[in-house]
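Step one of this worksheet: look at the structure below.
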Amino acid sequence: MSAMRGLFRSRAVPDEDIGAIAQDASIYARWDGGETEQDAHIEQEYRGYIARKIAFMIVFAVLSFIAGGLVITYGDYPLDFFEVYGIIWDHILHGPPEDPIEFLKDHVVWSLRLPRVLVALIAGFGFAVAGAVMQSTLKNPMADSYTTGVSSGAAFGATVSIVAGFTLFGSGVGILVNAFVFSLVPTFLIVVVSRMRNMSSTSMILAGLAVMYIFNALTSALKLIADPDALASLYRWQVGSLNNMLWADVPVMLAVTAAGSIAIMFLSRRINLLASGDESAKSLGVDANRLRIVCLVTVSLITASIVSFTGTIGFVGLVSPHIARIFIGSDNRYLIPASAFFGAFLLLISDFIGRAAFAPTVLEVGVVTAFIGGPLFLYLIIRQRKEVWT
Amino acid sequence: MRIELESVDFSFGSEKVLHGVDLVIDRPGLICIVGPNGVGKSTLVKCMMGLLKPSSGRITIDGRNVSDFTLNDMARIVGYVPVTSGGAFAMNVLDTVMLGRYPHRKTSGASSLDWTITKRAMNMMGIKDLAMKNTNELSAGQHQKVAIAKGLAQTPRVLVLDEPTANLDARHQLQVTELLRDIAREIGMTVIMVSHDLNASAKYADEVVMMARPGVIHRSGTPEEVFTEEDIRSVYGVECRVIDDRGRPHIILERALTDEEMVEQ
């Protein structure tokens with residue numbers, strides 16, 4: 001907690017007390033160069049540049065909203081696109097309707113289809129925040145909660161609590177706490193490895209993949225003692241799936257992802273300082289290592305809260321920041337939310353493809369995202385040899 | 001601003017880098033730290049600004065222990081321009097220079113003062129045209145200038161630069177060094193610059209600190225006091241002639257000493 005306090009507090013010592021140069025407009029006046037046309041141009045261009053970044057976020061927020069409605073119309077029971085929003089709105093305002101036909105529609109939309117869509121959006125959002133933060137704080141383009149082993153750690157923690165009935169607290173929260181505790185194992189390893197000298201970003205990811213295999217093996221070993229019911233759900237968990245999502249799965253995931261993402265947004269400007277190196281960040285007043293640890297623990301918590309319900313869905317967190325970066329650049333104040341909205345959209349669409357492509361057989365969403373993310377990951381590894389990211 | 005180091009030792013693990021360094025910098029101006037590779041120039045400046053903690057000794061700024069400053073307070077009085085390294089994920093030049101305003105932030109957004117200072121800092125380094133470019137599209141020299149502009153945007157009382165002219169061509173080397181000297185004189189900033197360029201140091205520095213193996217201060221003072229034929233010979237292991245160039249020493253390197261001659265010293 002003291003680390004958190006240190007990060008959010010800025011102690012205001014008056015400039016004259018520490019002998020700082022007075023902060024007023026007279027400084028560097030000789031080098032002003034006058035308010036030239038160029039100046040006005042720069043500010044105008046800069047405003048446009050920021051507006052484009054915000055537009056990207058809005059576009060994908062709106063697309064997610066529309067896609068959500070479209071996905072809900074898909075299924076055995078036919079529904080109209082606009083009808084879906086009407087039903088949801090009425091339910092929010094008045095609760096379930098009494099008319100039998102309306103009640104059935106409401107049940108299909110509200111109880112059967114909406115939770116899956118919401119979970120897809122929240123999970124995509126959260127994984128993308130985690131990926132963007134990991135890539136920026138570790139300065140590693142290949143990092144996300146999957147490739148660093150954080151997801152596998154969380155999945156193992158959740159599996160242990162289900163199979164062995166071992167939890168620190170009761171039921172649902174207990175699974176999450178367990179998942180979080182085990183997700184910290186790879187997080188801790190990353191922090192240690194990232195501080196080693198001569199550690200390339202590829203070797204850091206290889207360490208993450210090794211941890212992933214160890215946790216996956218442990219999870220597989222647990223299958224031996226699992227009963228048949230648990231076995232089926234364990235399979236879905238290892239692949240990553242949004243099948244059978246219920247309203248009960250939404251609140252914890254939503255609350256943790258929202259709280260974590262808000263905390264990260266407060267730190268996003270600070271994360272930018274890490275780009276030019278830890279010493280440079282420190283010379284601008286930010287303890288780089290502490291910031292990195294706080295960020296990684298926060299995104300591990302987000303990851304754990306999602307993985308406890310969906311299992312390890314890979315590569316959404318890897319792909320989304322890369323796509324967002326192409327359009328809006330690497331400024332984390334915009335990159336993190338833009339990746340998040342893109343990630344929400346991407347996961348929703350991936351899940352839909354998994355359901356629709358081989359209907360009525362359902363392909364788990366984790367398989368679909370692996371098809372999308374795997375090739376990008378390969379490309380990044382190959383390009384790594386040519387470009388210097390360190 | 002008075003920076004004082006008293007018998008400062010520093011070790012990386014078992015390797016001792018600084019040996020009992022005593023140094024006082026008590027005037028604004030351009031101060032050049034010179035010396036052969038590996039004598040601990042970068043380590044010395046990092047200790048001065050609290051980036052590294054000395055294993056023993058005392059470092060004070062205006063009488064206050066460097067370790068007593070919070071990181072943010074330190075950032076408002078001491079700016080640092082490291083040896084440039086390509087950043088991982090590039091931002092645009094304007095945003096990068098604006099990062100220098102971070103320690104002075106009062107609100108989350110940029111104030112009009114932040115804008116004014118950022119634009120002037122870019123103007124000083126002649127990089128206004130590049131404002132909207134991504135930093136990964138820049139040449140090494142332009143990259144260097146962006147880093148210096150960021151340090152200037154920090155409006156520190158002490159600006160520490162580690163080999164700021166290493167990637168610049170002759171014209172830009174002169175421009176940047178002259179600019180740093182002018183800022184030092186006009187604003188009363190203490191500009192401390194680690195440099196390998198003996199003649200630029202001799203020509204522009206108000207004070208030169210010459211370091212020698214094994215991590216000690218060989219001599220500090222005015223360029224005339226520090227750059228003598230004997231000092232350069234013993235510290236750098238090269239034979240040279242020092243001539244007078246309008247009141248400033250100018251060094252003409254003659255030849256490297258042979259290994260046998262080095263042993264004799």
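Data table
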{"item": "Answer residue from region B:118-140, given it is more than 7 Å from chain A (Cβ to nearest Cβ) and in a loop (DSSP other than H, G, I, E, B) and is surrounded by the fewest Cβ atoms within 10 Å (Cβ to Cβ) among those", "result": "B:SER139"}
{"item": "Given (1) buried (at least 21 other Cβ atoms within 10 Å of the Cβ); (2) at pLDDT below 95; (3) assigned to a strand (DSSP E or B); (4) of a type in the set (A, V, I, L, M), index of the condition B:LEU253 fails", "result": "(1)"}
{"item": "Restricting region A:326-355 to residues that are of a type in the set (Phe, Trp, Tyr) and surrounded by fewer than 24 Cβ atoms within 10 Å (Cβ to Cβ), the residue that is farthest from the other protein chains (Cβ to nearest Cβ)", "result": "A:PHE352"}
{"item": "Given (1) surrounded by fewer than 24 Cβ atoms within 10 Å (Cβ to Cβ); (2) small (Gly, Ala, Ser); (3) in contact (Cβ under 8 Å) with a residue 40 or more places away in the chain; (4) not in a helix (DSSP H, G or I), index of the condition A:GLY285 fails", "result": "(3)"}
{"item": "Any chance B:ILE217 is away from chain A (no Cβ under 13 Å), among the aliphatic types (A, V, I, L, M), assigned to a strand (DSSP E or B) and in contact (Cβ under 8 Å) with a residue 24 or more places away in the chain", "result": "yes"}
{"item": "Set A:ILE336, A:ILE328, A:ILE323, A:ILE313: member being free of Cβ contacts under 8 Å to residues at least 40 places away in the same chain and touching a helix residue (DSSP H, G or I) at 6+ places or on another chain (Cβ under 9 Å)", "result": "A:ILE323"}
{"item": "Any hit, region A:313-324, residues being of a type in the set (Val, Ile, Thr), surrounded by fewer than 24 Cβ atoms within 10 Å (Cβ to Cβ) and closer than 26 Å to A:SER268 by Cα", "result": "yes"}
{"item": "Subset of region A:89-111 (residues that are assigned to a helix (DSSP H, G or I) and among the charged types (D, E, K, R))", "result": "A:ASP90, A:GLU102, A:LYS105, A:ASP106"}
{"item": "Number of the condition not met by B:VAL235 [criteria: (1) among the hydrophobic types (A, V, I, L, M, F, W, C); (2) closer than 28 Å to B:PRO28 by Cα; (3) part of a strand (DSSP E or B)]", "result": "(3)"}
{"item": "The one condition in (1) away from chain B (no Cβ under 14 Å); (2) farther than 21 Å from A:VAL119 by Cα that A:ALA259 fails to fulfil", "result": "(2)"}
{"item": "Some residue of region B:162-185 being within 12 Å of another protein chain (Cβ to nearest Cβ), within 19 Å of B:MET49 (Cα to Cα), in a strand (DSSP E or B) and touching a helix residue (DSSP H, G or I) at 6+ places or on another chain (Cβ under 6 Å)", "result": "yes"}
{"item": "Among residues of region A:31-54, those that are in a helix (DSSP H, G or I) and facing chain B (nearest Cβ under 7 Å), counted", "result": "7"}
{"item": "Residue within region A:60-73 that is facing chain B (nearest Cβ under 9 Å) and surrounded by fewer than 16 Cβ atoms within 10 Å (Cβ to Cβ) present", "result": "no"}
{"item": "Checking A:PRO100 against (1) touching a helix residue (DSSP H, G or I) at 6+ places or on another chain (Cβ under 8 Å); (2) away from chain B (no Cβ under 14 Å), the condition it does not meet", "result": "(1)"}
{"item": "Residue in region B:20-41 that is more than 22 Å from B:GLU225 (Cβ to Cβ) and buried (at least 16 other Cβ atoms within 10 Å of the Cβ) present", "result": "no"}
{"item": "Spans of strands (runs of 3 or more DSSP E) in region B:4-117 with at least 1 residues within 14 Å of chain A (Cβ to nearest Cβ)", "result": "B:15-25, B:56-61, B:78-81"}
{"item": "Selected residue (only one of A:GLY86, A:GLY153, A:GLY126, A:GLY131 is part of a helix (DSSP H, G or I) and surrounded by fewer than 17 Cβ atoms within 10 Å (Cβ to Cβ))", "result": "A:GLY86"}
{"item": "Residue match in region B:104-111 (condition: of a type in the set (Ser, Thr, Tyr) and farther than 22 Å from B:ASP73 by Cα)", "result": "no"}
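The values are calculated or read from the model by the stated rules, or taken from the named source; none is laboratory data. This structure is a prediction, so every number in the text was calculated from the model and none was measured. With ideal geometry, Cβ positions are generated from the backbone for all residues, glycine too; neighbour counts draw on all protein chains shown.
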